[in-house]
Amino acid sequence: MKISLPLNSIMQKSDFIFGVATASFQIEGGVDSRLPCIWDTFCQTPNKIRDNSDGSVACDHINLWQQDVDLIDSLNVDAYRFSISWPRVINAEGELNQQGVDFYIGLLDKLIAKGIKPYVTLYHWDLPQHLEDKGGWLNRDTAYKFRDYADLISKALGNRVTSYATLNEPFCSAYLGYEAGIHAPGIKGREFGKKAAHHLLLAHGLAMQVLQKNCPDALNGIVLNFTPCYPASDSTADRNASSIADAHFNQWYIKPLFDKCYPDVIETLPAIERPDILDGDMEIIAQPLDFMGVNFYTRAVYQACTYHQFKQIEVPDVPHTDIGWEIYPKALTELLVSLNDIYQLPPLYITENGAAMDDKMVNAAVNDEGRIQYYHQHLNAVNDAIEAGVNVKGYFAWSLMDNFEWAEGYLKRFGIIYVDYQTQQRTLKNSGKAYREFISKRS
Ligand code: FCB
């Protein structure tokens, strides 16, 4: 199968960016040359990572980065989205660690020399452990530490960076890390999630201020993830349940950026679960954005529930990826159209989209038809949204290569390049070939 779009598709326009994405902790390894982060600690805690693995080697990108840039180049993409490891570039005293900075300068310079635009994320979940020891994202001071890091690193990298995203998916950092406890730092309790979320959003706003000052020519913004919520039936009760879930999981992170307030469900929260909002915080959070990144993988379906307000249900007989997420591309179109209706959005980029598949290497090839189909369907879903009037300017496949998939360890493969973790050999999967061919066909 091939990835294709309608011939007259707006995505054939040359200013639409196609890219691939990764994140520091998931690929770099090289733990000895940086400070420990919360994911190092989490991985060392028994029963947190499904295969008991960690990020100490991962894809050994810290050593293999030159060959990885050559691979990115061979895909013919316009852009590469990656993240900077905060504990690699800032030391315990809060000063730049020049060795870490030089790693990213080398990477940026090679990308630029190849004509690949660098889209940099400043925080893709690897909080320095010494900051977690002082309360992490539950401590308001972490937001100011993040601003200082953003200030130092953006000055050090000069004008090499096309785009800065402050945070990747604050929902995951806050909810999965400080409420559900299934991601680092593994804190559990309804009283923590929204406090962490507020400090993350504050960190975003503070960092936006310094980025706009230091790098006015870069495209500065934030990356949010959305799992659109659908009601299990047409009943009023199910529709309410789904919209309450949506307020908590999706709108909670976008509404403050554009409307300077949290969704109305904040009024229903017991005092202990509310964030600590100080005067002026919402103005800081709602800095004008040059772009917003949207990460999309799947949808969720909800039913009314007397005990918890809403309950997620499994839809029977629908296709899933290898990580158990339903394949439902229409939700991507509907999401983009609805965000565009509700908010005054800046240009959007799909900063992550992709599928885990149970890949097998056979005769030095990976025939991942299911992933090709996923990309085909989702690129068409993006195209439908553009045709409905949404300003989407780019699309990044998650991921460039198989990597450390957080609590799933190395068990789930999302790459368009296969990684043999024993030999660190990279092999372009058929999906990588299809993506390359698709991109190369642009007029
Ligand atoms: C997103 C993360 C990314 C990757 C994908 C599968 O939530 O941003 O790092 O793990 O999911």
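Where a number appears in this text, it was derived from the coordinates with a stated rule and is not lab data. Values in this document were obtained by computation on a predicted structure and should not be read as measured data. Cβ: placed from backbone, ideal geometry, glycine included. Neighbour counts: every protein chain shown.
Basic side chains Lys and Arg get +1 at the Cβ, acidic Asp and Glu get -1 at the Cβ, and with that the dipole of the chain about its Cα centre reaches some 640 debye. Summarising the strand pairing of the chain, around 30 percent of its internal DSSP beta bridges are antiparallel. The calculated pair-distance distribution of the stretch 9-440 uses every alpha carbon pair, bins of 10 angstrom beginning at 0, and gives 4, 22, 34, 29, 10, 1, 0 percent. Taking 27 Å as the straight-line reach from the Cα of K330, the lysines in range (excluding those fewer than 8 positions away in the same chain) are K2, K13, K255, K311, K393, K412, K429, K433, K441.
Enumerate the amide H contacts of I222 below 5 Å, restricted to partners 5 or more residues apart or on another chain; note that Pro and chain-start residues carry no placed amide H. For I222, the qualifying residues are T166, F291, G293. Since only V57, G189, Q309 are under comparison, the one whose Cα sits farthest along the positive direction of the charge dipole of the stretch 9-440, derived from C-beta charges on Lys, Arg, Asp and Glu, is V57. Peptides 81-91, 386-396 ranked from most to least packed, by the mean per-residue count of other Cβ atoms within 10 Å: 81-91, 386-396. Each Lys or Arg adds one and each Asp or Glu takes one away; over the other residues whose Cβ falls under 12 Å from the Cβ of L348, this sums to 0. Given R0 = 25 Å, the distance between the Cβ atoms of S440 and A407 translates into a calculated FRET efficiency of 0.10. Computed extension gain for Q344 through Q99, at 0.36 nm per residue and net of the alpha carbon distance, reaches 84.1 nm. What number, in percent, do you get for the relative contact order of the chain if the mean sequence gap of Cα pairs under 8 Å and at least 6 apart is divided by its residue count? About 19 percent, as a whole number.
For a distance above 25 Å, tell me the whole-number percent of Cα pairs in the stretch 1-154 that qualify. Value for the stretch 1-154 (Cα pairs over 25 Å): 39 percent. Kirkwood's formula applied to the C-alpha pairs of the stretch 79-235 gives a hydrodynamic radius of 16.3 angstrom. Pair-distance distribution of the stretch 367-443: all C-alpha pairs, bin width 10 Å, starting at 0; shares per bin in whole percent are 17, 43, 29, 11, 1. Per-residue ellipticity at 222 nm from helix content only, as computed over the chain with -39500 (n - 2.57) for each DSSP H run of at least four residues, stands at -11000 deg cm²/dmol. Taking 20 Å as the limit for the C-alpha separation, the pairs K114/K213; K134/K195; K134/K194 exceed it in the case of K114/K213.
The alpha carbon gyration tensor of the stretch 118-182 gives principal lengths a ≥ b ≥ c with a/c of 1.5 or higher and a/b no greater than b/c, which makes the shape oblate. Summary value for the stretch 271-418: 23 percent relative contact order, contacts being C-alpha pairs under 8 angstrom separated by 6+ residues.
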